Amino acid sequence: MFFGKRDKDVRLTEKQYKELTSSMTKKERRDFDRRQDELRREREEERLLGWLEFEDELDEM
């Protein structure tokens with residue numbers, strides 16, 4: 001689970017996820033899952049860009 005902050009990457013068990021989403025409507029759950037996917041992609045992109053910048057710095061040495 002991601003909650004919009006870089007340092008908040010929280011792993012939930014399947015049971016905890018079900019408890020969290022059980023009270024949500026289908027639309028709310030879809031929106032929640034979509035937002036989680038967006039945050040995951042952003043985090044992966046940031047990690048990749050950070051690695052590429054690091055490689056560029058090494059190449060310049």
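Some notes on this structure:
- Of the peptides 31-38, 53-60, 19-26, the order by per-residue mean of other Cβ atoms within 10 Å, starting with the highest, comes out as 31-38, 19-26, 53-60.
- From helices alone, the chain scores -24500 deg cm²/dmol at 222 nm; the rule is -39500 (n - 2.57) for each run of n ≥ 4 DSSP H residues, then divide by the residue total.
- Computed from Cα atoms, the angle from the helix 26-60 axis to the main principal axis of the chain rounds to 10 degrees.
- The share of accessible area on the chain that comes from carbon and sulfur is 51 percent, using a 1.4 angstrom probe.
- Taking 7 Å steps out from each Cα toward its Cβ at ARG43 and TYR17 produces label points 1.3 nm apart.
The values are calculated or read from the model by the stated rules, or taken from the named source; none is laboratory data. Predicted model only: the values in this text are computed from it and were never measured. Neighbour counts run over all protein chains shown; Cβ positions are idealised from the backbone, glycine included. Note: accessible area is taken over every heavy atom of the protein model, side chains too, but ligands, DNA and RNA are not part of it. Shrake-Rupley method; radii C 1.70, N 1.55, O 1.52, S 1.80 Å.
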